[in-house]
Amino acid sequence: MNGYAAGANYEEARGAESPADFVHKVRIALKEVRETRYWLKLTVRAGLVNSPHGIAPLIDEADQLVAILTASANTARRRADPSA
């Protein structure tokens, strides 16, 4: 589980060379957040944490980041190619 990769990939997106590059890099960040969310949920299901309630806010934040990054990628894609 590497929650830092999403932030690093988003930072790369901020320095994108083109709108298409931005979308590509944001989608990579999105994949990283979704993977982190998966692992968080799995640790709860597997009973690897003493208090699942302590992880719930992290899962919620991951859900919010998924929504934000999805919207960002979609908006950038539409702006780059309004016919898409």
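Bear in mind that the values in this text are calculations on the coordinates, not laboratory data. Everything quoted here is computed from the prediction, not taken from an experiment. Heads up, the Cβs are rebuilt from the backbone with ideal geometry, glycines too, and the neighbour counts pull from every protein chain shown.
Values computed for the structure shown
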| quantity | calculated |
| --- | --- |
| Any hit, segment 49-66, residues being surrounded by 15 or more Cβ atoms within 10 Å (Cβ to Cβ), without any contact (Cβ under 8 Å) to a residue 12 or more places away in the chain and of a type in the set (D, E, K, R) | yes |
| Selection within segment 18-32 - crowded, with 16+ Cβ neighbours inside 10 Å, among the charged types (D, E, K, R) and within 17 Å of A67 (Cβ to Cβ) | R27, E32 |
| Residues that are part of a loop (DSSP other than H, G, I, E, B), under 26 Å from E12 (Cα atoms) and out of contact with any helix residue (DSSP H, G or I) (no Cβ under 9 Å at 6 or more places or on another chain), drawn from segment 36-84 | P82 |
